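The values are calculated or read from the model by the stated rules, or taken from the named source; none is laboratory data. Everything numeric in this text was worked out from a predicted model, so none of it was measured. Counting neighbours? That spans all protein chains shown, and the Cβs are built from the backbone with ideal geometry, glycine included. What goes into the accessible areas is simple: the full protein's heavy atoms, side chains included, and nothing from ligands, DNA or RNA. Shrake-Rupley method; radii C 1.70, N 1.55, O 1.52, S 1.80 Å.
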Number of protein chains: 2
Amino acid sequence: MAGRIFRALGDNGINVAAIAQGSSERSISAVVATHDESKALNAIHDEFFLSKTKSVHLWLAGTGLIGKTLLKQLKRQHPILLRDYGIDVKLLGVANSRKMCHEPHEADTLPMDDPLAVDGIPSDLDSFVSACIASNLPNSIFVDCSAHDAPTEHYRELLSNSVAVVTPNKRAFSREYSFYELLNQLGTTRRTPLLYETCVGAALPVLSTLQDLIKSGDTILRIEAILSGSLSFIFNTMRQNGILFSEAVMEAKKRGFTEPDPRDDLSGMDVARKVLILARNAGIPMEQSDIRLESLLPQSAQECSVETFINQLPSADESFRARIADASANDQALFFSATIDCTSRAASIGLESFAKNHPFCALSGADNMIAFTTARYREQPLVVQGPGAGAEVTAAGVFADIMRAIR
Amino acid sequence: MAGRIFRALGDNGINVAAIAQGSSERSISAVVATHDESKALNAIHDEFFLSKTKSVHLWLAGTGLIGKTLLKQLKRQHPILLRDYGIDVKLLGVANSRKMCHEPHEADTLPMDDPLAVDGIPSDLDSFVSACIASNLPNSIFVDCSAHDAPTEHYRELLSNSVAVVTPNKRAFSREYSFYELLNQLGTTRRTPLLYETCVGAALPVLSTLQDLIKSGDTILRIEAILSGSLSFIFNTMRQNGILFSEAVMEAKKRGFTEPDPRDDLSGMDVARKVLILARNAGIPMEQSDIRLESLLPQSAQECSVETFINQLPSADESFRARIADASANDQALFFSATIDCTSRAASIGLESFAKNHPFCALSGADNMIAFTTARYREQPLVVQGPGAGAEVTAAGVFADIMRAIR
């Protein structure tokens with residue numbers, strides 16, 4: 001019995017001031033701090049009375065498309081997680097930039113469908129995070145589904161207090177390297193999960209594959225990647241359907257692959273953030289400014305209105321047509337791709353030509369592709385391919401990270 | 001302090017008969033069974049005196065190419081695991097079908113390079129497994145790098161005694177379904193890792209990706225896969241270089257992609273075992289006999305000598321040439337592929353034609369490819385591609401599973 005209490009309390013970082021147990025194993029007494037009382041009771045209750053069930057306590061920041069989709073998926077999957085894996089996911093707090101809502105007691109969990117629809121008080125992230133830490137429940141996970149900087153400022157405090165952090169928000173990991181390193185070290189030393197697989201390629205297994213390769217002693221030589229769904233679609237469509245650049249951009253916009261302002265995609269800035277996270281995960285202490293980025297936008301295009309920009313798109317058609325024809329004449333194809341050369345520790349993003357037998361040439365639609373060339377995968381790379389954006393798959397990837405974060 | 005002792009002892013399943021601690025937190029006393037003494041000391045030592053280091057205790061069965069390569073990789077990576085991850089991998093036992101060697105005390109670990117070269121007693125798997133369980137050390141992992149049935153008979157006993165099992169050996173998971181289910185349930189209920197990612201596609205992230213999809217509530221609709229490196233090479237080379245079937249088989253044999261007797265590859269039996277494991281991991285309680293397997297070998301070819309078989313290969317050339325030409329006339333290409341239809345719960349293996357824009361058509365060399373079509377990845381599948389065989393990558397995948405098995 002004592003062994004199981006040890007695990008239940010120890011796993012949840014509960015400090016015990018004094019403990020006594022007789023050799024009868026009929027009773028055991030422990031003294032814990034008042035603020036650990038409910039956490040200790042919960043942990044022991046989970047261990048003994050519902051011994052096959054593990055409660056997981058979620059705090060969600062951000063209720064945009066990804067956050068909402070995640071809640072929908074969690075709600076639908078709840079009975080199956082409980083039955084097949086003994087996992088009971090409970091929603092204790094939800095906040096967006098306007099409203100928030102959280103429950104002081106585990107018994108009063110929030111509904112998964114639209115928890116902020118009726119109730120809620122004006123949002124205050126500081127007090128939301130404080131409530132999360134103060135709730136002091138085992139298996140607490142802070143899920144940041146926002147795209148803002150504000151929640152990332154609290155990651156340190158959360159990790160320091162044994163609250164796991166799961167997020168598709170690239171902000172924290174594409175800031176200065178020292179901040180990235182600090183967070184990851186904090187996760188390691190506190191043995192508290194910090195998971196952000198969905199920052200690169202949504203739910204595609206990219207960062208986890210990279211970590212597996214590195215931990216098992218492989219040497220990463222080169223990472224080649226198509227990391228923008230919209231740009232993938234634009235160049236695949238131009239190549240496969242022989243249409244003009246401006247037509248491909250408009251088709252991508254029509255299908256919802258681009259941001260409302262297509263310049264946000266064409267600038268390559270979003271790809272640059274993903275490349276930075278990939279390079280850092282490959283062990284390169286790189287800053288954003290170290291990446292050589294060839295934007296698809298001339299400086300002039302960045303200052304006009306969206307309408308003016310779209311009207312001017314055809315002026316770029318001839319230049320793209322010529323580059324595609326040039327590549328084709330050399331039996332190659334053109335992609336907006338990223339290359340991380342791990343030997344020279346350099347990264348570049350821009351239009352590149354690849355031979356017709358390169359894995360990129362098999363791309364279609366808005367797929368992402370990430371090819372790892374390593375000491376072990378030297379002749380043929382390890383390749384991961386598939387849709388790398390969209391609310392359903394991104395939320396699913398966050399969901400998978402939540403499962404991984406459960407201790 | 002008590003919290004950390006709780007975790008250290010509880011994590012390792014050590015039962016405590018009596019414990020007493022004063023409120024000074026200067027001392028704590030615990031009574032454990034004699035056979036738990038060194039395990040408890042080790043666990044507490046790791047937690048406090050080398051608090052950043054976690055000892056991992058390996059028992060290796062099988063010293064063929066994969067086992068030897070794994071030891072080489074572990075030896076080379078040892079200082080880095082210690083420095084960057086605080087993991088100290090120790091080899092306590094090694095056995096092959098002739099010799100074995102194991103150390104009763106953690107202090108006397110075996111050398112990673114050729115541990116059976118000098119010492120060793122005649123092999124006896126029963127006593128090897130008993131020694132592993134009796135050593136009763138925290139983070140014990142039994143690694144089965146054999147291709148035999150014998151070690152798999154001990155998985156139950158090992159898992160029941162909190163010893164994790166990591167293996168590239170397909171035997172245990174391609175037997176009758178009830179045995180597969182029993183092992184996996186034992187792993188779940190004992191919270192003891194049972195990891196066999198390398199059974200399908202070596203180190204490619206196949207089973208872990210499938211598990212992530214399922215846990216997060218996706219519905220697997222279809223899995224299409226090229227799971228044999230040798231057959232992938234044979235059909236890719238015929239398609240890309242326009243050579244005959246017999247020539248492609250001989251080229252694959254020359255490059256070491258086939259077994260010494262190419263019929264072992266051409267029969268499709270190895271692919272069938274992988275398909276069974278994939279289907280079961282996708283939630284289908286399937287038996288080997290449920291798989292529709294179209295072998296590339298006529299019955300007559302199965303009874304002659306290797307030489308006779310190889311001499312007769314050209315007699316099949318015309319039939320393959322015609323099938324490839326047929327496919328090509330329909331703008332398709334021919335692959336020896338497996339399809340698992342998760343809706344109808346059926347699996348088939350054989351020669352199939354695929355449209356030119358199917359991901360398979362981008363294959364080259366001896367690559368494997370696994371494409372998951374799911375409710376979320378419905379229009380474009382999630383694809384994993386790369387070399388799916390070979391000692392280096394298989395051992396690396398086993399290594400990654402060992403890292404995952406560390407608690």
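Computed quantities for the displayed model
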item	result
When residues of region B:159-178 are limited to those that are within 16 Å of residue B:274 (Cα to Cα) and part of a loop (DSSP other than H, G, I, E, B), the one most open to solvent (accessible area, probe 1.4 Å)	B:176
Count of region A:77-109 residues which are over 27 Å from residue B:191 (Cα atoms) and at pLDDT 90 or above	10
When residues of region B:208-232 are limited to those that are among the aliphatic types (A, V, I, L, M) and within 11 Å of another protein chain (Cβ to nearest Cβ), the one farthest from residue B:361 (Cα to Cα)	B:214
Among residues of region A:318-350, those that are within 24 Å of residue A:220 (Cβ to Cβ) and touching a residue at least 40 places away in the same chain (Cβ under 8 Å), counted	15
Residues of region B:370-407 classified as assigned to a helix (DSSP H, G or I) and within 7 Å of chain A (Cβ to nearest Cβ), total	6
Residue ID - farthest from residue B:233 (Cα to Cα), chosen from residues in region A:365-400 that are touching a Lys or Arg at 6+ places or on another chain (Cβ under 6 Å) and of a type in the set (Val, Ile, Thr)	A:393
Conditions (1) at pLDDT below 95; (2) farther than 19 Å from residue B:201 by Cβ; number of the one not met by residue B:344	(1)
Within region B:320-367, considering residues that are in contact with a Phe, Trp or Tyr (Cβ under 9 Å, 6 or more places away or on another chain), open to solvent by 10 Å² or more (accessible area, probe 1.4 Å) and charged (D, E, K, R), the one farthest from the other protein chains (Cβ to nearest Cβ)	B:321
Residue among B:181, B:224 that alone is under 28 Å from residue A:400 (Cβ atoms) and open to solvent by less than 40 Å² (accessible area, probe 1.4 Å)	B:224
Residue count, region A:184-221 (criterion: open to solvent by 20 Å² or more (accessible area, probe 1.4 Å) and in a helix (DSSP H, G or I))	10
Residue selected from region A:369-394 under the condition open to solvent by 10 Å² or more (accessible area, probe 1.4 Å) and without any contact (Cβ under 8 Å) to a residue 40 or more places away in the chain, by the criterion farthest from the chain's Cα centre (by Cα)	A:379
